[in-house]
Amino acid sequence: PFPVAQPKDPQVLIRPAVEGTLRALRAAKAAGVSRVVLTSSTVAVTDTSKSGLQNEADWCDPNAPDTSAYGQSKTLAEQAAWEFAAANGLHLTTINPGFVMGPPLDRHYGSSIGVIARILRGKDPMVPMLDFPVVDVRDVAEMHLRALERPNVTGMRILAVAGNMTMAAMATELKRAYPKRRIATRVAPMVVLRLLALFDPQIKAILPAVGKAHPMSNARAREVLDMRFISPEGALRASAEWLLQKGEV
């Protein structure tokens with residue numbers, strides 16, 4: 001589960017993430033599967049106490065005060081997967097995507113595309129200064145396939161990140177692509193966000209991340225999977241084109 005607004009009880013996210021991951025791995029082992037590629041997240045890599053470029057050696061601290069319930073869920077689920085794999089002889093690789101953009105398969109899209117839709121709808125007068133490591137969904141899918149086909153990446157975590165992009169940069173890019181649409185590009189001051197957070201649980205949930213950046217390295221993906229990523233701008237535009245074509249905004 002990846003809601004933008006965080007639940008009052010963290011276990012609402014942690015339990016299905018951890019138990020669901022272990023259930024899938026137990027089923028794989030019971031079926032004689034030995035090779036597993038697991039979808040994790042960049043939030044399981046993000047160490048908020050560290051500045052500068054982060055890579056696969058970094059881990060989120062689930063007990064840190066600024067770690068969200070979602071961050072806890074993805075970190076604990078991935079850690080449980082590595083422990084299970086080690087104890088049961090499974091050959092595991094994790095793919096850790098950032099903010100996933102690009103064209104969805106259908107209208108059952110997730111929170112990341114929901115953010116793009118919110119920008120395109122233009123109902124917010126300003127945008128928060130949020131910074132995301134982003135990636136196109138087509139690259140994420142390609143990385144899963146390549147990881148499955150290459151036994152040399154067994155035991156590796158691999159970040160799926162094309163680059164970082166702020167929400168303000170997303171809005172500016174979308175305004176450039178669709179100048180006739182009402183799209184806010186002005187960055188919201190923190191005092192305004194705190195006020196809005198009193199009424200909007202989604203804004204309240206993002207407050208701890210405002211103004212903070214955690215750039216991620218994609219060197220391993222390029223080296224061991226030969227990835228050449230779709231640009232963040234290309235992924236963003238593909239998202240917007242899909243939303244507009246389907247009448248979602």
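Some observations on this one:
- Within the accessible area of region 1-149, the carbon and sulfur atoms contribute 56%, probe 1.4 Å, all protein chains present.
- Applying the criteria of a DSSP loop state and at most 14 other Cβ atoms within 10 Å to the trypsin sites (Lys or Arg not before Pro) of region 57-128 yields 107, 123.
- In terms of packing, defined here as the mean over residues of other Cβ atoms within 10 angstrom, the peptides 86-99, 202-215 line up highest first as 86-99, 202-215.
- Dividing the mean sequence gap of close Cα pairs (under 8 Å, 6+ apart) by how many residues region 1-65 holds gives a relative contact order of 19 percent.
- Considering helices alone, the calculated mean residue ellipticity of the chain at 222 nm is -13500 deg cm²/dmol, with DSSP H runs of length four and up weighted by -39500 (n - 2.57) and normalised per residue.
- Listed by chain and number, the aspartates and glutamates whose C-alpha is less than 16 Å from the C-alpha of residue 8, apart from same-chain residues fewer than 8 away, are 66, 200.
- Listed by chain and number, the lysines whose alpha-carbon sits under 25 Å from that of residue 29, ignoring those within fewer than 8 places in the same chain, are 74.
- Placing a pseudo-label 7 Å from each Cα along the Cα-to-Cβ vector at residue 194 and residue 27 gives an inter-label distance of 4.7 nm.
- Placing +1 on the Cβ of every Lys and Arg and -1 on the Cβ of every Asp and Glu, with no other charges, gives the chain a dipole of roughly 700 debye about its Cα centre.
- Contour excess over end-to-end distance, with Cα ends at residue 148 and residue 244 and 0.36 nm allotted per residue: 31.2 nm
The values are calculated or read from the model by the stated rules, or taken from the named source; none is laboratory data. This one's a predicted model, so the numbers in the text were calculated from it and none came from an experiment. Cβ coordinates were reconstructed from backbone atoms using ideal geometry, including for glycine residues, and neighbour counts include every protein chain displayed. Each accessible area value is taken on the protein alone, full model and side chains, heavy atoms only, with ligands, DNA and RNA left out. Shrake-Rupley method; radii C 1.70, N 1.55, O 1.52, S 1.80 Å.
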